[in-house]
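The values are calculated or read from the model by the stated rules, or taken from the named source; none is laboratory data. A quick note: this is a predicted structure, and the numbers were derived from the prediction, not measured. Every residue, glycine as well, gets a Cβ built from its backbone with ideal geometry; the counts of neighbours run over all protein chains shown. These accessible areas exclude ligands, DNA and RNA; they are computed on the full protein's heavy atoms, side chains included. Shrake-Rupley method; radii C 1.70, N 1.55, O 1.52, S 1.80 Å.
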Amino acid sequence: MGELVRRRLSSQPDGRAAVEAFDASPQEPSTQAELCRVLVHVLSAEAPFAVELAALVPVPAPVVPPAPTHPPAPPEPPRIGRDGIIIDGRSRNRGNLALGDQLIQNVRRGDARTVLILIAALALVVAMGYGGTKILTDDSPAPPAASDASGRSATADGLVPDPQGESAGGDPSGTAGPSRTPTSGSSGRSGPAPVRADPPTRFTQVPLGNHTDNDAAVVLDGADLITVADGRELRVTAVRDGRVLAAMTSGGRLPDRPQDDRSATAGVPGRPGLGTSGDRRFAVAAFPLTVPGQGTTTDHFAVEVDILDLGTGKEAGRVRIAEGTASPGAPTVAGVADGRAVVLVPTLAGPPTSYAVDLATGSVVWTLPGFEALLIQGGTVAGASRTRVEGEDRSEVQAVSAKDGTVLWKALADSAGFGLSEFATDKVLATRGNTSTLLSTTTGARLPLRFLDAPGAGINRCWFDGRATTVCSVGRYDGSELTGIDSAGGDVLWRIQFTAGAGERVAPDVTAAWHGAVYGLTRRGEDVVLDARTGQDRELSPGAAPYLVSEYAAVAKGNLYVSAG
């Protein structure tokens, strides 16, 4: 049962974090409660998993009565009840096998009462530790403990035999059962268990040695860091202690960097993508490759798309695209939607090309030359369509379907040099120099920017918190300000000036916004957290000013942190 529960819970961010915390502190009430919460949620939503687990629920062994010391009494004559029904005292269930079969059949039929009983039973099993950590470790029964001359067993005194036959009880650092030794890349030291918070407002830095090599190539997934390490490995690392949970190395040879290119990130793959296909969750990275020439054919370039199954931690696919047309520049994963990873590939000549790769089959679903995929919202890929007209580069904002590449809408024709950013769940912001245009992701229609209500006002940068609020740094003739905006309606919620007199509030330099919190640095260089809806100070000593945040962890200045609440 333990392996089944561990495998299912580890396939999602909440479950992985709950398992990590439980493994670290199995007797801690908070970790037990969080594991119960996640397990109950999964069981209530997935009847097939509940059925599978029901078959493994331990049923108490029948109690065998002691042998009689006197001859058995003669059987009582049967009693006749109403309607001629014989009552003989022996019409009972068939024991544990019958109970288990009935439980499974009730779950299959969707009997709500049985499912609730099963969930409650499993939650109690977890809450009681199931013998310490048994529900998440070895499910096989332990061999009987050897007894000494006094008749006491070794386990009775807390001395649990280890796999080598020696007791772990005399060493405070010893562990009973299989240990979780840090793998390659681990610092060997474990930080504090993350405290789930949505959003977190306090952080604790993890032990030294856990840091990111390239801030532009990392993404958080719950309590895990997914990164492109060393320019050629897609890696999943536990933020808390640096253990490498899964890894997949690019199979080809990376292009040689030009001698005159001193950029630390030149040719380095960008941030990985995360997404689902069916009930499986994947991480995706794209790597530039050098394809060796043969005969009279010279070396040329391609892109390898690596797909890692986050549920199993195993390789799910390697797909080679753009062979012969790709340049040695770094490809980018724009995102994942509808089971497709959208990859942007620089070409040897002309605008880049976007590819959609099916995560389940590894096939290329569509290819759009000249389309630069920049971001994904829902099933819509927004980007720039680039062409050359009479020797001049022309571009326009364009949206296509992630499923089949169909063009959904076009906007801002004959424009150039713009960038796209997410303004709300259904809006994108197109910015060209000091000019910004808000577009509906659904239709491409222009929407008003009512907060730009002063002469010379222009947007420097915006941060969407992923829920209901967007925070923008706005430049004005009479001074810049930080503005909080309702993402749905566009109403101004609050404003803070970047310059102020004595005793007045001064806007912080924002590093991130997430789920109702705004993170940044004050003019004194101190970390601070604001409330996204009111603009008021929410936490004065958060411990970090992160640029990546999840409910369990954060990344700031190349260092890793766990949530402290």
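Just a few scattered comments:
- For the pair residue 408 and residue 499, the difference between a 0.36 nm per residue extended length and the Cα-Cα distance amounts to 28.4 nm.
- Where 418, 498 fall by accessible area, highest first, once all protein chains stay in place (1.4 Å): 498, 418
- Inter-site label distance for residue 249 and residue 320 at 7 Å from Cα along Cβ, in nm: 1.9 nm
- Across the protein chains, with a 1.4 Å probe defining accessible surface, the residues 298, 483 rank 298, 483 from largest area downward.
- FRET efficiency, residue 435 to residue 522 (Cβ-Cβ, R0 30 Å, nearest 0.05): 0.45
- Near the amide H of residue 375, within less than 5 Å, lie the amide hydrogens of 382, all on another chain or at least 5 residues away, with H placed in the peptide plane.
- Residue separation of residue 394 and residue 442 scaled by 0.36 nm, minus their Cα-Cα distance, works out to 14.9 nm of gained length.
- Test item: Cα-centred dipole of the range 294-403, Lys/Arg +1 and Asp/Glu -1 on Cβ, debye: 160 debye
- List 515, 41, ordered by accessible area with a 1.4 Å probe, largest first: 41, 515
- Measuring how big the range 445-565 is from its alpha-carbon positions, Rg and Dmax come out at 14.5, 44 Å.
- Modelled label positions at residue 426 and residue 536, each set 7 Å beyond Cα in the direction of Cβ, lie 3.1 nm from each other.
- Once both labels are positioned 7 Å from their Cα atoms along Cα-to-Cβ, the gap between residue 198 and residue 297 label points is 5.1 nm.
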